[in-house]
Structures are given as structure tokens and as C-alpha cells.
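This report concerns only the one structure given below.
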Amino acid sequence: SDVCSSDLIIEFDDPDWLAAGAVGEPGARTFLVQAESEDGDRITVLVEKQQVATLATELQGFLTRLAEEVPPLPDEMLVPTRPCVVEDEVPDFRAFSMAIGWLADRRRILIELHENPPIDEGEDQILDPEGHVVRIFATRGAVRAMAEAAVVAVGQGRPPCPLCEFPMDPDGHACPRWN
């Protein structure tokens with residue numbers, strides 16, 4: 001696992017572990033994406049719950065489609081040691097957007113986390129040169145484990161109210177449908 005870093009672009013090649021999930025109690029959770037190299041370099045990116053849910057769903061679909069087009073090699077199915085986030089980490093930045101892709105020449109899935117929205121340059125959109133970008137190049141096994149753990153983390157939130165579908169607080173729920 002190598003980490004290549006300029007001031008604003010941080011790259012992780014085959015991170016030792018990769019995770020997307022939550023820390024804290026339901027109703028007051030913080031959602032994170034983390035990666036760590038085998039020599040201990042770690043990135044922690046703050047994300048929204050919906051971003052984690054979307055990332056997990058998109059990655060699972062992407063992995064299924066990719067397997068049909070490009071069957072995986074055995075080394076691509078290796079799973080990192082820990083697919084869950086580590087608590088007590090101060091996030092390096094908040095992600096505005098995320099992107100996924102397949103790098104055929106490296107046989108790795110790319111996950112990008114962008115701090116700022118792209119700048120509109122007429123017909124082109126370019127990355128904001130002032131914002132951080134994290135690029136994670138990971139095996140299919142690592143990405144699948146991350147997506148599965150993310151689905152579990154998102155599902156461990158507060159249960160929805162059967163009437164209004166808003167999350168119910170453990171301390172009581174003021175349902176707008178009861179008014």
C-alpha cells in the first residue's frame with residue numbers, strides 16, 4: 001500500500017484497510033470514509049449519511065456489472081483487515097462529492113472524494129484547485145467489504161416512524177401526522 005500525496009491530492013494504492021460507516025449514537029452519528037496504508041498513513045473524510053448510502057448502493061451495482069464484463073482475478077478479491085471506521089479521528093475534510101471508476105490497466109476500482117464542487121469552465125468541469133481530492137485505488141474485495149459494512153452502518157440508525165417515516169428519537173417522537 002503506497003500513499004502518494006501532494007498538498008491537495010492524496011492517493012492510496014491498495015490501502016491496508018478501507019471503510020465507510022458511522023461513529024456515535026443513532027441520531028447523533030458522524031459518517032466517515034477512511035483509508036489507511038500498511039505504514040499507518042490514514043485519511044478520514046467526513047461525509048453525510050446519504051452519501052454513504054449512495055456510495056454503498058452504487059459500488060454494489062458497479063461491482064456486479066464489472067464482474068460480468070471483466071471477471072475478477074483471485075488477488076482482486078482480497079479483503080482488508082478491517083472494513084469498519086475507527087473512532088476518535090479528526091476528519092481531514094468534508095466531502096462535497098464522490099466518484100467511482102474502474103482502471104483496467106491497474107485492475108483496481110477508483111473511489112474519489114472531492115472537498116469542493118468542480119468549477120464550471122464553459123462546457124468542461126475541472127476540479128477546484130483549492131480543494132482536497134482523495135483517490136483510493138482498491139481491490140474488488142476491499143470495495144465490496146466497505147460497501148457491505150456501509151449498508152449495515154446506514155441501517156443501524158433510528159427506526160422510521162410508521163406514520164410520517166421521519167426517524168424516531170429514543171427520547172420521544174413528535175409525529176407531525178398526529179397534529
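In whole Å, how far is the Cα centre of region 40-73 from that of region 128-179? Each part's Cα centre sits 14 Å from the other's.
Full extension of the segment from Glu38 to Glu148, taken as 0.36 nm per residue of separation minus the current Cα-Cα distance, would add 37.4 nm. The string of couplings for region 20-35 from the Karplus curve (6.51, -1.76, 1.60, θ = phi - 60°) is 9, x, 10, 10, x, 8, x, x, 9, 8, 10, 9, 9, 10, 9, 9 Hz, one whole number per residue in order, with x for Gly and Pro. The H on the amide N of Met168, modeled in the peptide plane, is under 5 Å from the matching H of Cys161, each at least 5 residues off or on a different chain.
At 222 nm, what value in deg cm²/dmol follows for the chain if DSSP H runs of at least 4 each add -39500 (n - 2.57) and the sum is divided by all its residues, to the nearest 500?
Working: 2 runs with 37 residues, N = 179.
Estimated from H runs of four or more residues: -7000 deg cm²/dmol.
Note on Glu87 and Arg177: the extension gain reaches 28.7 nm, defined as 0.36 nm multiplied by sequence separation minus the Cα-Cα distance.
What the phi angles of region 168-176 give under the Karplus curve with 6.51, -1.76 and 1.60, with θ = phi - 60°, is a coupling list of 8, 7, x, 7, x, 10, 8, 6, x Hz, glycine and proline written as x. Of the residues Met98, Met146, Met77, ranked by 1.4 Å probe accessible area with the largest first, the sequence reads Met77, Met98, Met146. Per residue, the solvent-accessible area of the chain (1.4 Å probe, heavy atoms of protein chains only, all protein chains present) comes to 57 Å².
Of all the accessible heavy-atom surface of the chain, with the other protein chains kept in place and a 1.4 Å probe, what percent is carbon and sulfur? Provide the component values of the computation, followed by the final result.
Working: 5170 of 10140 Å².
Carbon plus sulfur share of accessible area: 51 percent.
Which one is right for this structure if Rg and Dmax of the Cα atoms in Å is calculated from it: (i) 18.6, 64; (ii) 17.8, 59; (iii) 24.8, 94? For Rg and Dmax of the Cα atoms in Å, the calculated option is (ii). Can you tell which of Ser97, Val85, Pro71 lies farthest toward the positive end of the dipole of region 43-108, using +1 and -1 charges on the Cβ of basic and acidic side chains (Lys, Arg; Asp, Glu)? Sorting the options by dipole projection puts first Pro71.
Please list Glu148, Glu69, Glu76, Glu11 in order of solvent-accessible area, largest first, computed with a 1.4 Å probe with all protein chains present. Show your work: numbers first, answer last.
Details: Glu148 95, Glu69 145, Glu76 0, Glu11 40 Å².
Largest accessible area first, the list is Glu69, Glu148, Glu11, Glu76.
For region 1-110, the list of trypsin sites (Lys or Arg not before Pro) that fall in a loop by DSSP and count at most 14 other C-beta atoms within 10 angstrom reads Arg106.
The values are calculated or read from the model by the stated rules, or taken from the named source; none is laboratory data. Note that the coordinates shown come from a computational prediction; the quantities given were computed from them, not determined experimentally. Here Cβ is always computed from backbone atoms with ideal geometry, including for glycine, and neighbour counts include all displayed protein chains. The protein model used for the area step is the full one, side chains on, heavy atoms only, and it has no ligands, DNA or RNA in it. Shrake-Rupley method; radii C 1.70, N 1.55, O 1.52, S 1.80 Å.
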